[in-house]
Amino acid sequence: MSHGAGLVRTTCSSSGGALGPGAGAAQPGASPLEGLLDPGYPRTHAALLKVAQMVTLLIAFICVRSSLWTDYSAYSYFEVVTICDLIMILAFYLVHLFRFYRVLTCISWPLSELLHYLIGTLLLLIASIVAASKSYNQSGLVAGAIFGFVATFLCMASMWLSYKVSCVTQSTGVLTGIPHFLH
């Protein structure tokens, strides 16, 4: 028996370029391009995690690309997923580094990054499982699959550390714990 309507809130952590309320609003008298580069962003945890993701994805791609393939479709899928994920992570890194979220306010950057991580991590996990199952003990393919799993873990860690999802119950004004329709 529910005592109120359920509400799901998602908040983006403020560590490393997360967007809060009014992040896209320009200060009075300042141009939107003023202070476009964020020199502190590369030292944040979010930026270092993105760099680690890009490096592991690049290593996974190179390992698979330089190996002899036994299954063309499995490894071409792995290559496409790793490169697309790498490009998207680089794009979000540049958005935060150059503060493009101040100029392009029509895009919900936290939501688009969350959706990218949800979809990209799932596709990367599937690609890594397929690559591991089709590797046939070839060292380059096994290494590529392992780096794919490491990148998957780093993407999940990024989602966990950047986005907090909490379910709360909204109060309906009932103080006694009895539903309002029984009063």
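Restricting segment 34-87 to residues that are loosely packed, with under 14 Cβ neighbours inside 10 Å and of a type in the set (Gly, Ala, Ser) leaves a set whose member that is nearest to the chain's Cα centre (by Cα) is GLY40. Of these, GLY6, GLY16, which one is modelled with pLDDT under 80 and surrounded by 18 or more Cβ atoms within 10 Å (Cβ to Cβ)? The unique qualifying residue is GLY16. If you go through segment 51-76 and keep only what is among the hydroxyl-bearing types (Ser, Thr, Tyr) and at pLDDT below 95, you end up with SER66, SER67, THR70, TYR72, SER73, TYR75, SER76. Applying a threshold of 7 Å to beta carbon distances and a minimum spacing of six or more residues, or different chains, the list of pairs starting in segment 114-139 at a residue that is in contact (Cβ under 8 Å) with a residue 40 or more places away in the chain and ending at one that is in a loop (DSSP other than H, G, I, E, B) and hydrophobic (A, V, I, L, M, F, W, C) reads GLN138/LEU68. ARG99 meets all of the listed conditions (1) open to solvent by 80 Å² or more (accessible area, probe 1.4 Å); (2) on the phi > 0 side of the Ramachandran plot but one, namely (1).
Of all positions in segment 124-136, at least one carries a residue that is modelled with pLDDT under 90, hydroxyl-bearing (Ser, Thr, Tyr), open to solvent by 60 Å² or more (accessible area, probe 1.4 Å) and not in a helix (DSSP H, G or I).
To keep it simple, each residue is scored yes or no on (1) within 22 Å of LEU48 (Cβ to Cβ); (2) within 20 Å of the chain's Cα centre (by Cα).
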residue	(1), (2)
HIS96	yes, yes
VAL103	no, no
CYS106	no, yes
LEU111	no, yes
VAL130	no, no
LEU141	no, no
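Within segment 52-103, the only residue that satisfies the criterion of being charged (D, E, K, R), in a helix (DSSP H, G or I) and under 22 Å from LEU37 (Cβ atoms) is ARG102.
The values are calculated or read from the model by the stated rules, or taken from the named source; none is laboratory data. On a predicted model such as this, the values are computed, not experimentally measured, just so you know. Don't worry about glycine lacking a Cβ; one is built from the backbone with ideal geometry, like all the others, and counts go over all protein chains shown. Just the protein is used for accessible areas: all its heavy atoms, side chains included, with ligands, DNA and RNA removed. Shrake-Rupley method; radii C 1.70, N 1.55, O 1.52, S 1.80 Å.
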